[in-house]
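Peer 1: The structure is given below, and queries will be raised subsequently.
No lab work stands behind these numbers, since they all come straight from the coordinates. Quick caveat, the model's predicted, so the values are computed rather than measured. Every residue, glycine as well, gets a Cβ built from its backbone with ideal geometry; the counts of neighbours run over all protein chains shown.
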Amino acid sequence: MSSNPVAETVASLMPRAQAELTELVAFKSVADFDQFPRSESEGAANWVADALRAEGFQDVALLDTPDGTQSVYGFLPGPEGAKTVLLYAHYDVQPPLDEAAWTTPPFELTERDGRWYGRGAADCKGGFIMHLLALRALKANGGVPVGVKVIVEGSEEQGTGGLERYAEQHPELLTADTIVIGDVGNFRLGLPTVTSTLRGMTLVRVQIDTLEGNLHSGQFGGAAPDALGALIRVLDSLRAEDGSTTIDGLTGDARWEGLQYEEEAFRKDAKVLDGVELIGSGTVADRIWARPAVTVLGIDCPPVVGATPSVQAGARALVSLRVPPGVDAVEATKLLQAHLEAHTPWGARVSTEQIGQGQPFRADTSSPAYTAMAEAMAVAYPGEEMQSAGQGGSIPLCNTLASLYPHAEILLIGLSEPQAQIHAVNESVSPDELERLSITEALFLQKYAAS
């Protein structure tokens, strides 16, 4: 590694990368404008646009997408006749959740124990910094050998499909020979990994009503139907005794063939408490990469503090369903809604609303670009071979791009290895991983250009 000029350049750029990620993390760019000001997302979008302009990108634009957010686009021309590569990241982030549970402030990048902590440090502001590092290293070592398009999304975490719809309306904009999605992660820290499958997802809001208004639980409890109790019964019906997802009509017995996730490693990565069992059946890889998984994301009901002795007239919940490749997310949404309605007890009134959806994805790992990526990873991670793994998360844009550009090769890499704790408190990125993956991407572009 030390004799590789690209690696040496990336290493020299790491202090600058830390400073830039500090600036970018400071934007509270949660694309839920009921929680965070729109100006925070706009500030992050402008920061990304300015960074692209500073690197010589042309046609830099803030694209107003149909969901009311902005994606940032730029194009860096390559040598005449060169291939074009599209690099993807997103600047929007998950809400910080319980800010008091963070060891350090979520929107202040903080170095601690060899990692950089902050919301979006790995998912996916760090992914954009990775792209910048790779391009800067190439420019310092003979130039960028391909044409590069960059698209940085502003609402990926919300699942509202803004960039997907924009791409469908402007299909010429993102055309490329190969697409690198910088929004996943290595199977474990230091093990170079490409993600070959993504689960799709759907979000459904369920509302249950039983009374015209709340009632005194002493006077009416025992006969008056409790909407919160009905909701709990419905949500419980989504799982079998062992915790497996059980939605009427949706199969859940597929097997994962490939890299396995040992149970003890998973327990450690997931921080499962001693004595608490894992849920579901089959291997861990079966459960998180090859089968559907339901999660109750939130329940609207009275908090414990301040609760009154009342029978609740209404209650609602937000339910997430992840579906593996081979399962249509649209059909799975219909099955979930039908299940919720069929299992509502006592004749309670129930309504469901789909508020987000994305299809699962499977990559073609036999393509030439994967060969170039394997060669690049072998250099950036000495002594390691590239692995292929699944990803339980969802990136709906992948299917849109695969549909619009069927001849493009799509590769998924990124910084969200298990220790990153994305979507949780104390999210962080490993600077070593950022450095190695930036080297990987730079070498990949060189090798792919020559293939």
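Peer 1: Find how much the distance from ALA424 to ARG165 grows on full extension, using 0.36 nm per residue of separation minus their present alpha carbon separation; answer in nm with one decimal.
Peer 2: 90.4 nm
Peer 1: Turning to a different aspect of this structure: Can I get the semi-axes of segment 287-409's equivalent ellipsoid? Compute them from the C-alpha gyration tensor as square roots of 5 times the eigenvalues, in angstrom, largest first.
Peer 2: Gyration-tensor ellipsoid for segment 287-409: 42, 19, 11 Å.
Peer 1: Right, something else. Taking θ = phi - 60°, what integer Hz values does the Karplus form 6.51 cos²θ - 1.76 cosθ + 1.60 yield along segment 331-344, in sequence order, with x for Gly and Pro?
Peer 2: 5, 5, 4, 4, 5, 5, 4, 5, 5, 4, 5, 5, 9, 6
Peer 1: Per residue of segment 351-368, in order, report the coupling 6.51 cos²θ - 1.76 cosθ + 1.60 (Karplus, θ = phi - 60°) as ³J(HN,Hα) in whole Hz, putting x for Gly and Pro.
Peer 2: Result, ordered by residue: 9, 10, 9, 7, 10, x, 6, x, 7, x, 9, 9, 8, 8, 7, 8, 6, x Hz.
Peer 1: Return the loop-located GluC sites (Glu not before Pro) in segment 43-145 (DSSP other than H, G, I, E, B) with at most 10 other Cβ atoms within 10 Å of their own Cβ; answer none if there are none.
Peer 2: Answer by residue number: GLU80.
Peer 1: Highest first, please rank the peptides 432-439, 116-123, 231-238 by the mean number of other Cβ atoms sitting within 10 Å of their residues. Let's see the in-between values first.
Peer 2: Details: 432-439: 24.0, 116-123: 27.8, 231-238: 18.5.
The densest-packed peptide leads the list: 116-123, 432-439, 231-238.
Peer 1: A follow-up question, please. Sticking with the crude label model, points 7 Å out along Cα→Cβ, report the distance from ALA101 to GLN354 in nm, one decimal please.
Peer 2: About 3.0 nm, to one decimal.
Peer 1: Can you tell me the relative contact order of segment 273-356? Whole percent, Cα pairs under 8 Å, sequence separation 6 or more. Display every interim value, and only then the final one.
Peer 2: Working: 51 pairs, mean separation 20.8, N = 84.
In percent, rounded to a whole number, it is 25.
Peer 1: Hey, another quick one. Which chymotrypsin sites (Phe, Trp or Tyr not before Pro) in segment 27-112 pass both tests, a DSSP loop state and at most 15 other beta-carbon atoms within 10 Å?
Peer 2: PHE33
Peer 1: Multiply the residue gap between ARG112 and VAL272 by 0.36 nm, knock off their C-alpha separation, and tell me the result in nm, one decimal place.
Peer 2: Working: separation 160, 0.36 × 160 = 57.60 nm, distance 2.30 nm.
Computed gain between ARG112 and VAL272 is 55.3 nm.
Peer 1: Using the Cα gyration tensor of segment 172-271, with a ≥ b ≥ c the square roots of its eigenvalues, what is the shape: rounded (a/c below 1.5), prolate (a/b larger than b/c) or oblate (neither)?
Peer 2: prolate
Peer 1: Could you check the spin-label model distance between GLU384 and ALA19? Points 7 Å from the Cα along Cα→Cβ, value in nm.
Peer 2: Using points 7 Å along Cα→Cβ, the separation is 2.9 nm.
Peer 1: Would you please give the residues with an amide H less than 5 Å from that of LEU63, counting only those at least 5 places away or on a separate chain, with H modeled from the backbone geometry?
Peer 2: HN-HN under 5 Å from LEU63: SER71, VAL72, TYR73.
Peer 1: Is the shape of segment 369-451 best called rounded, prolate or oblate, per the rule: a/c under 1.5 gives rounded, else a/b larger than b/c gives prolate, else oblate, with a ≥ b ≥ c the square roots of the Cα gyration tensor eigenvalues?
Peer 2: oblate
Peer 1: Step through the table entries LYS83/LYS139; LYS268/LYS447; LYS28/LYS268, compare each Cα-Cα distance with 25 Å, and write down the pairs that go over it. Provide the component values of the computation, followed by the final result.
Peer 2: Values: LYS83/LYS139 17 Å; LYS268/LYS447 36 Å; LYS28/LYS268 30 Å.
Too far apart for the 25 Å limit: LYS268/LYS447; LYS28/LYS268.
Peer 1: While we're looking at this one, here's another question. By its C-alpha gyration tensor, with a ≥ b ≥ c as the square roots of the eigenvalues, how is segment 1-134 shaped: rounded for a/c under 1.5, else prolate for a/b larger than b/c, else oblate?
Peer 2: Details: a/c = 2.62, a/b = 1.18, b/c = 2.21.
Taking the square roots of the gyration eigenvalues as a ≥ b ≥ c, segment 1-134 is oblate.
Peer 1: Taking 35 Å as R0, compute the FRET efficiency from the Cβ-Cβ separation of HIS216 and ILE299 and round it to 0.05.
Peer 2: That gives a FRET efficiency of 0.95.
Peer 1: How fast does segment 223-361 diffuse by Stokes-Einstein, in µm²/s, taking the Kirkwood radius from C-alpha pairs at 25 °C and 0.890 mPa s? Show your work: numbers first, answer last.
Peer 2: Numbers: Rh = 16.9 Å.
The estimated diffusion coefficient comes to 145 µm²/s.
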